[in-house]
Amino acid sequence: MSDPKNAWHQLRAGNELFYVPAAGRRRNPIVHTPTAAVFRCADSPVGSAMAFGQSWGSLLEVSTWGHVIDSGVLATMEYAVDTLAVPLIVILGHDECPAVRAAMRAWDEAVIPDGAARIPVQQGIASIVRRGVGTDSVKAVTAAHIVETGVALTERSPKIAHHVDTGRCAIVCAGIDSDSGHLRTYATIGPVGDVSDSLLECV
Ligand SMILES: [Zn+2]
(Lines give C-alpha, C1' and ligand atoms only; values in the text may rest on other atoms or scores of the structure.)
Protein backbone atom coordinates (compact mmCIF):
# COMPACT_ATOMS: atom_id res chain seq x y z
CA MET A 1 0.00 0.00 0.00
CA SER A 2 1.50 3.27 -1.09
CA ASP A 3 1.17 6.61 0.65
CA PRO A 4 1.61 10.21 -0.56
CA LYS A 5 5.29 10.35 0.44
CA ASN A 6 6.21 7.11 -1.35
CA ALA A 7 4.19 8.01 -4.43
CA TRP A 8 5.91 11.39 -4.79
CA HIS A 9 9.33 9.79 -4.16
CA GLN A 10 8.63 7.34 -6.98
CA LEU A 11 7.73 10.17 -9.36
CA ARG A 12 10.76 12.26 -8.40
CA ALA A 13 13.03 9.27 -9.00
CA GLY A 14 11.48 8.82 -12.42
CA ASN A 15 12.11 12.45 -13.24
CA GLU A 16 15.80 11.99 -12.40
CA LEU A 17 15.91 9.50 -15.30
CA PHE A 18 13.94 11.81 -17.59
CA TYR A 19 15.79 15.05 -16.88
CA VAL A 20 18.50 16.15 -19.33
CA PRO A 21 20.86 18.30 -17.25
CA ALA A 22 23.10 19.78 -19.96
CA ALA A 23 22.14 23.41 -20.64
CA GLY A 24 20.73 24.06 -24.08
CA ARG A 25 19.98 20.43 -24.89
CA ARG A 26 16.52 19.05 -25.47
CA ARG A 27 15.42 15.48 -25.12
CA ASN A 28 13.17 15.73 -28.20
CA PRO A 29 12.46 18.35 -30.81
CA ILE A 30 9.53 20.57 -29.92
CA VAL A 31 6.35 19.56 -31.74
CA HIS A 32 4.50 22.74 -32.67
CA THR A 33 1.30 21.12 -33.96
CA PRO A 34 0.19 17.84 -32.44
CA THR A 35 -0.76 15.12 -34.89
CA ALA A 36 -4.07 14.63 -33.10
CA ALA A 37 -5.96 15.38 -29.92
CA VAL A 38 -6.93 12.33 -27.87
CA PHE A 39 -9.75 12.41 -25.35
CA ARG A 40 -9.49 9.24 -23.33
CA CYS A 41 -10.77 7.59 -20.18
CA ALA A 42 -8.59 8.38 -17.17
CA ASP A 43 -8.80 4.89 -15.69
CA SER A 44 -7.41 3.20 -18.79
CA PRO A 45 -3.95 1.76 -18.08
CA VAL A 46 -2.85 2.55 -21.63
CA GLY A 47 -1.69 6.09 -22.34
CA SER A 48 -2.39 7.64 -25.74
CA ALA A 49 1.22 7.96 -26.90
CA MET A 50 1.76 4.29 -26.02
CA ALA A 51 -1.49 3.14 -27.64
CA PHE A 52 -0.74 4.89 -30.92
CA GLY A 53 3.05 4.51 -30.94
CA GLN A 54 3.62 8.27 -30.98
CA SER A 55 6.52 10.27 -29.59
CA TRP A 56 6.53 12.77 -26.79
CA GLY A 57 4.56 15.91 -27.64
CA SER A 58 2.91 14.59 -30.79
CA LEU A 59 -0.49 14.14 -29.15
CA LEU A 60 -2.58 16.58 -27.18
CA GLU A 61 -4.18 14.41 -24.51
CA VAL A 62 -7.11 15.02 -22.20
CA SER A 63 -8.37 12.35 -19.86
CA THR A 64 -11.36 12.24 -17.55
CA TRP A 65 -13.09 9.34 -15.82
CA GLY A 66 -15.34 7.67 -18.37
CA HIS A 67 -14.30 10.40 -20.87
CA VAL A 68 -16.95 12.60 -19.30
CA ILE A 69 -17.30 15.94 -21.11
CA ASP A 70 -17.14 19.11 -19.05
CA SER A 71 -16.32 22.74 -19.81
CA GLY A 72 -12.59 22.11 -19.40
CA VAL A 73 -12.68 19.33 -21.97
CA LEU A 74 -14.63 21.48 -24.41
CA ALA A 75 -12.20 24.38 -23.97
CA THR A 76 -9.20 22.13 -24.53
CA MET A 77 -10.64 20.48 -27.63
CA GLU A 78 -11.65 23.85 -29.07
CA TYR A 79 -8.11 25.11 -28.42
CA ALA A 80 -6.75 22.05 -30.23
CA VAL A 81 -8.83 22.42 -33.40
CA ASP A 82 -9.29 26.21 -33.48
CA THR A 83 -5.92 27.52 -32.32
CA LEU A 84 -3.52 24.64 -32.99
CA ALA A 85 -5.36 23.51 -36.16
CA VAL A 86 -5.22 19.89 -35.05
CA PRO A 87 -6.97 17.90 -37.82
CA LEU A 88 -8.14 14.91 -35.80
CA ILE A 89 -9.81 14.17 -32.47
CA VAL A 90 -9.81 10.60 -31.21
CA ILE A 91 -12.22 9.48 -28.51
CA LEU A 92 -10.37 6.58 -26.88
CA GLY A 93 -12.36 4.30 -24.63
CA HIS A 94 -11.36 0.85 -23.48
CA ASP A 95 -12.63 -2.56 -22.49
CA GLU A 96 -13.93 -3.29 -18.99
CA CYS A 97 -14.17 0.40 -18.15
CA PRO A 98 -15.16 0.93 -14.48
CA ALA A 99 -17.02 4.13 -15.40
CA VAL A 100 -19.13 2.25 -17.95
CA ARG A 101 -19.75 -0.47 -15.36
CA ALA A 102 -20.87 2.19 -12.87
CA ALA A 103 -23.34 3.62 -15.41
CA MET A 104 -24.72 0.15 -16.17
CA ARG A 105 -25.14 -0.56 -12.45
CA ALA A 106 -26.91 2.77 -11.90
CA TRP A 107 -29.23 2.04 -14.83
CA ASP A 108 -30.06 -1.48 -13.67
CA GLU A 109 -30.59 -0.48 -10.02
CA ALA A 110 -32.11 2.94 -10.77
CA VAL A 111 -29.70 4.56 -8.30
CA ILE A 112 -27.45 7.53 -9.08
CA PRO A 113 -24.23 7.60 -6.98
CA ASP A 114 -23.37 10.43 -4.59
CA GLY A 115 -20.67 12.97 -5.27
CA ALA A 116 -19.12 13.98 -8.55
CA ALA A 117 -19.26 10.38 -9.77
CA ARG A 118 -22.85 11.08 -10.72
CA ILE A 119 -21.67 13.19 -13.69
CA PRO A 120 -19.92 10.44 -15.71
CA VAL A 121 -22.64 8.00 -14.64
CA GLN A 122 -25.36 10.33 -15.97
CA GLN A 123 -23.48 10.75 -19.26
CA GLY A 124 -23.10 6.99 -19.47
CA ILE A 125 -26.83 6.51 -18.93
CA ALA A 126 -27.54 9.11 -21.60
CA SER A 127 -25.42 7.06 -24.01
CA ILE A 128 -27.42 3.92 -23.15
CA VAL A 129 -30.69 5.73 -23.83
CA ARG A 130 -29.62 7.56 -26.97
CA ARG A 131 -28.05 4.48 -28.59
CA GLY A 132 -30.82 2.17 -27.39
CA VAL A 133 -28.44 -0.55 -26.22
CA GLY A 134 -29.24 -3.25 -23.67
CA THR A 135 -27.27 -3.28 -20.43
CA ASP A 136 -26.61 -7.03 -20.64
CA SER A 137 -23.50 -6.38 -22.76
CA VAL A 138 -20.66 -4.24 -21.43
CA LYS A 139 -19.09 -4.26 -24.89
CA ALA A 140 -22.23 -2.79 -26.47
CA VAL A 141 -22.58 -0.12 -23.79
CA THR A 142 -18.88 0.74 -24.05
CA ALA A 143 -19.16 1.19 -27.82
CA ALA A 144 -22.34 3.25 -27.44
CA HIS A 145 -20.72 5.55 -24.88
CA ILE A 146 -17.60 6.07 -27.00
CA VAL A 147 -19.69 6.99 -30.05
CA GLU A 148 -21.98 9.26 -28.05
CA THR A 149 -18.96 11.07 -26.62
CA GLY A 150 -17.81 11.92 -30.15
CA VAL A 151 -21.29 13.04 -31.18
CA ALA A 152 -21.66 15.11 -28.01
CA LEU A 153 -18.46 17.04 -28.76
CA THR A 154 -20.01 18.30 -32.00
CA GLU A 155 -23.37 18.99 -30.34
CA ARG A 156 -21.92 20.92 -27.42
CA SER A 157 -19.23 22.84 -29.28
CA PRO A 158 -20.31 24.86 -32.33
CA LYS A 159 -16.64 25.54 -33.04
CA ILE A 160 -15.76 21.86 -33.22
CA ALA A 161 -18.89 21.18 -35.30
CA HIS A 162 -17.89 23.95 -37.72
CA HIS A 163 -14.40 22.51 -38.16
CA VAL A 164 -15.90 19.07 -38.84
CA ASP A 165 -18.53 20.43 -41.24
CA THR A 166 -15.90 22.32 -43.23
CA GLY A 167 -13.62 19.28 -43.45
CA ARG A 168 -10.79 20.75 -41.41
CA CYS A 169 -11.18 18.26 -38.59
CA ALA A 170 -12.61 14.78 -38.08
CA ILE A 171 -13.44 12.66 -35.06
CA VAL A 172 -12.69 8.96 -34.66
CA CYS A 173 -14.52 7.07 -31.91
CA ALA A 174 -12.43 4.05 -30.92
CA GLY A 175 -11.77 1.62 -28.11
CA ILE A 176 -8.66 -0.29 -27.13
CA ASP A 177 -8.25 -3.71 -25.56
CA SER A 178 -5.99 -3.11 -22.56
CA ASP A 179 -4.43 -6.58 -22.73
CA SER A 180 -3.77 -7.03 -26.46
CA GLY A 181 -3.66 -3.36 -27.48
CA HIS A 182 -6.08 -4.07 -30.34
CA LEU A 183 -7.85 -0.92 -31.54
CA ARG A 184 -11.47 -1.02 -32.71
CA THR A 185 -13.05 1.89 -34.54
CA TYR A 186 -16.73 2.28 -33.71
CA ALA A 187 -17.59 5.42 -35.66
CA THR A 188 -16.11 8.23 -37.67
CA ILE A 189 -17.42 11.78 -37.87
CA GLY A 190 -16.11 13.87 -40.74
CA PRO A 191 -13.52 13.25 -43.45
CA VAL A 192 -11.37 10.42 -42.11
CA GLY A 193 -11.22 8.40 -45.32
CA ASP A 194 -11.36 4.64 -45.51
CA VAL A 195 -11.68 3.22 -42.01
CA SER A 196 -12.35 -0.40 -42.75
CA ASP A 197 -13.54 -1.55 -39.34
CA SER A 198 -15.77 1.44 -38.65
CA LEU A 199 -19.28 0.35 -37.74
CA LEU A 200 -20.90 3.73 -38.19
CA GLU A 201 -20.18 6.81 -40.18
CA CYS A 202 -22.04 9.51 -38.28
CA VAL A 203 -21.49 12.39 -40.72
ZN1 LIG B 1 -12.41 3.72 -18.26
**Fill in**
Subset of the stretch 154-175, residues outside any strand (DSSP E or B), over 22 Å from SER71 (Cα atoms) and of a type in the set (Gly, Ala, Ser), comes to GLY167
**Request:** May I ask you to list pairs of residues, at least six apart or on different chains, whose Cβ atoms are under 6 Å apart, with the first in the stretch 176-203 being assigned to a strand (DSSP E or B) and the second being modelled with pLDDT of 90 or more and open to solvent by 40 Å² or more (accessible area, probe 1.4 Å)?
**Result:** ILE176/LEU183
**Prompt:** Across the stretch 130-180, what is the number of residues that are in contact with a strand residue (DSSP E or B) (Cβ under 8 Å, 6 or more places away or on another chain) and open to solvent by 40 Å² or more (accessible area, probe 1.4 Å)?
**Reply:** 1
**Complete:** When GLY115 is run through (1) among the small types (Gly, Ala, Ser); (2) open to solvent by 20 Å² or more (accessible area, probe 1.4 Å); (3) within 27 Å of PRO34 (Cα to Cα), the failure sits at (3)
**Asked** Only one of (1) open to solvent by 70 Å² or more (accessible area, probe 1.4 Å); (2) at pLDDT below 95 fails for SER44. Which number is that?
**Response** (1)
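The values are calculated or read from the model by the stated rules, or taken from the named source; none is laboratory data. This is a predicted model, so every value here is computed, not measured. When we count neighbours, we look across all protein chains shown, and the Cβ atoms used for this are built from the backbone with ideal geometry, even at glycine. The area values use the complete protein model at the heavy-atom level, side chains included, leaving out ligands, DNA and RNA. Shrake-Rupley method; radii C 1.70, N 1.55, O 1.52, S 1.80 Å.
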